[in-house]
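The values are calculated or read from the model by the stated rules, or taken from the named source; none is laboratory data. Quantities reported herein were computed from a predicted structural model and do not represent experimental measurements. A quick note on method: Cβ atoms are made from the backbone with ideal geometry, for glycine too, and the neighbour counts reach across all protein chains shown.
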Amino acid sequence: MESILEIKNLKVTFHTHAGPVHAVRGVNLKVGKGEALAIVGESGSGKSVTAQAILRLIPSPPGQMEEGEILFAGRDLARVSEWEMFRIRGSEIGMVFQDPMTSLNPTMTVGKQIMEGLMWHQQLTREDARQKAVEMLRLVGIPTPEKRVNQFPHEFSGGMRQRAMIAIALSCNPKVLIADEPTTALDVTIQAQILELMKELQEKTETAIILITHDLGVVAEMAQQVAVMYGGKVVESGRVEEIFHHSRHPYTWGLMASMPRLDWKREEELTPIPGSPPDLFDPPLGCPFADRCPHAMHICHDEMPEVYSVSEDHQVACWLEHPQATPVSQTPQVQI
Ligand code: SF4
Ligand code: MG
């Protein structure tokens, strides 16, 4: 897989009054050209912070990128100048966040917000940018774009605002689109439409996507690759089919078991994973999942598991993969 973006050993700490919070603790990730990588995990697992680090949008202070490389198109984004980063954001890397109301400017028409990037990054004339803005609104399925281009965000519905955000993000043909829980704030039908749209556009434009989500259904729908994060670390990663059918990490098993199935009946209980995520003020020495893991061994509490390669693109950080560990038979199967 030829990668367009690669994160190496990313570490991010937030220096709070209560002490340092080790939010991201040595994350390695690769995004293939034109592929969608989903980063999945519960809140506080470090997935959003990882996305923010790519764009250098971590609020600093209190946030600080302590270590790591973010390799993108021959550069290390951790080390390029602020000016260069400003240029990359919105042109080479687009972004869509959960709540379009906070990311759109309420005082500016939607059209102007699309045009700004085009005039700034692509030096289009006002007239050309305007035409492109209409085109973009049409592309993301907004009806009567010639009229809508002059409207303000509050005149759009929630779903249309998210479509407008996607139009802004894609207007300069970015190589990578980062979408952090892009549909969480929307109702289910609109959610499905927006995901369908993103998928369609990804296939059409060959933009790589980094999709942050806590929803395995969204992963199955959208992504080719998935990275499961827990306690500031990637605990398992690989191709989606491989992870859904042959996951090897007990935390991933727990996630799978808590996912509603197609044949799920209301009276059946979902199986949440008992316990709570690790305290990132004082992260555990060993496996971050050890306190909740039904298969934890002595070594799990004392030593960080090594990362084992199950196959060329399936990695798992779990001591159960150690050649001397007793194999565990239970692996839940999930139909996708
Ligand atoms: Fe469980 Fe140990 Fe594997 Fe962590 S390393 S997931 S505690 S078996
Ligand atoms: Mg988040």
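So in region 311-320, with the set limited to residues that are within 18 Å of Met229 (Cβ to Cβ) and surrounded by 17 or more Cβ atoms within 10 Å (Cβ to Cβ), which one is farthest from the chain's Cα centre (by Cα)? Steps first, answer last, please.
Narrowing region 311-320 to residues within 18 Å of Met229 (Cβ to Cβ): 313-318.
Cutting the leftovers down to surrounded by 17 or more Cβ atoms within 10 Å (Cβ to Cβ) gives us 314-318.
Working: His314: 18, Gln315: 18, Val316: 19, Ala317: 20, Cys318: 22 Å.
Residue satisfying both the conditions and the ranking: Cys318.
Selection of first residues in region 94-107 that are within 19 Å of Thr207 (Cα to Cα) and at pLDDT below 90 and of second residues that are in a loop (DSSP other than H, G, I, E, B) and not polar (S, T, N, Q), restricted to Cβ pairs under 9 Å at least 6 apart or on distinct chains, gives the following pairs, ordered by first then second residue: Phe97/Glu181; Phe97/Pro182. Would you please name the residue that is nearest to ligand 1 (Cβ to nearest atom), looking only at residues in region 306-320 that are without any contact (Cβ under 8 Å) to a residue 40 or more places away in the chain and out of contact with any strand residue (DSSP E or B) (no Cβ under 8 Å at 6 or more places or on another chain)? Only one residue tops the list, namely Trp319. Helices (runs of 4 or more DSSP H) fully within region 170-250 that include at least 1 residues being within 18 Å of Ile142 (Cβ to Cβ): 188-205. Does region 58-70 contain any residue that is without any contact (Cβ under 8 Å) to a residue 40 or more places away in the chain and of a type outside the set (A, V, I, L, M)? The answer is yes; a qualifying residue exists. Taking the criterion of being in contact with a Phe, Trp or Tyr (Cβ under 8 Å, 6 or more places away or on another chain) and either more than 15 Å from Ala164 (Cα to Cα) or more than 16 Å from ligand 2 (Cβ to nearest atom) (or both), the residues of region 92-138 that qualify are Glu92, Ile93, Pro106, Thr107, Met108, Thr109, Val110.
Across region 213-229, the qualifying residues are those that are buried (at least 22 other Cβ atoms within 10 Å of the Cβ) and at pLDDT 95 or above, and the one among them that is nearest to ligand 1 (Cβ to nearest atom) is Val228. Selection of region 17-68 for residues being polar (S, T, N, Q), at pLDDT below 95, within 16 Å of ligand 2 (Cβ to nearest atom) and out of contact with any His (no Cβ under 9 Å at 6 or more places or on another chain) yields Ser48, Gln52. Being of a type outside the set (A, V, I, L, M, F, W, C) and more than 20 Å from Leu211 (Cβ to Cβ), is that true of even one residue in region 31-47? No; the residues of region 31-47 include none that is of a type outside the set (A, V, I, L, M, F, W, C) and more than 20 Å from Leu211 (Cβ to Cβ).
Hey, could you check region 43-65 for residues that are of a type in the set (Gly, Ala, Ser) and part of a loop (DSSP other than H, G, I, E, B) and say which is nearest to Ile7 (Cα to Cα)? Write out each step before concluding.
Step one: filter region 43-65 for residues of a type in the set (Gly, Ala, Ser), giving 43-46, 48, 51, 53, 60, 63.
Keeping just the survivors that are part of a loop (DSSP other than H, G, I, E, B) gives 43-46, 60.
Numbers: Ser43: 21, Gly44: 19, Ser45: 17, Gly46: 14, Ser60: 20 Å.
Once the filter is applied, the top-ranked residue is Gly46.
Please verify whether Glu200 is among the charged types (D, E, K, R), surrounded by fewer than 18 Cβ atoms within 10 Å (Cβ to Cβ) and touching a residue at least 24 places away in the same chain (Cβ under 8 Å), treating the condition exactly as stated.
Details: among the charged types (D, E, K, R): yes; surrounded by fewer than 18 Cβ atoms within 10 Å (Cβ to Cβ): yes; touching a residue at least 24 places away in the same chain (Cβ under 8 Å): no.
So Glu200 does not fit the description; no.
Could you check region 13-41 and list, in sequence order, the residues that are touching a residue at least 60 places away in the same chain (Cβ under 8 Å), outside any strand (DSSP E or B) and over 12 Å from the mean Cα position of the chain (by Cα)? Correct list: Ala18, Lys33, Gly34, Glu35.
Only residues that are over 24 Å from Lys30 (Cα atoms), within 16 Å of ligand 2 (Cβ to nearest atom) and either acidic (Asp, Glu) or more than 13 Å from the chain's Cα centre (by Cα) (or both) were counted in region 183-225, giving 2.
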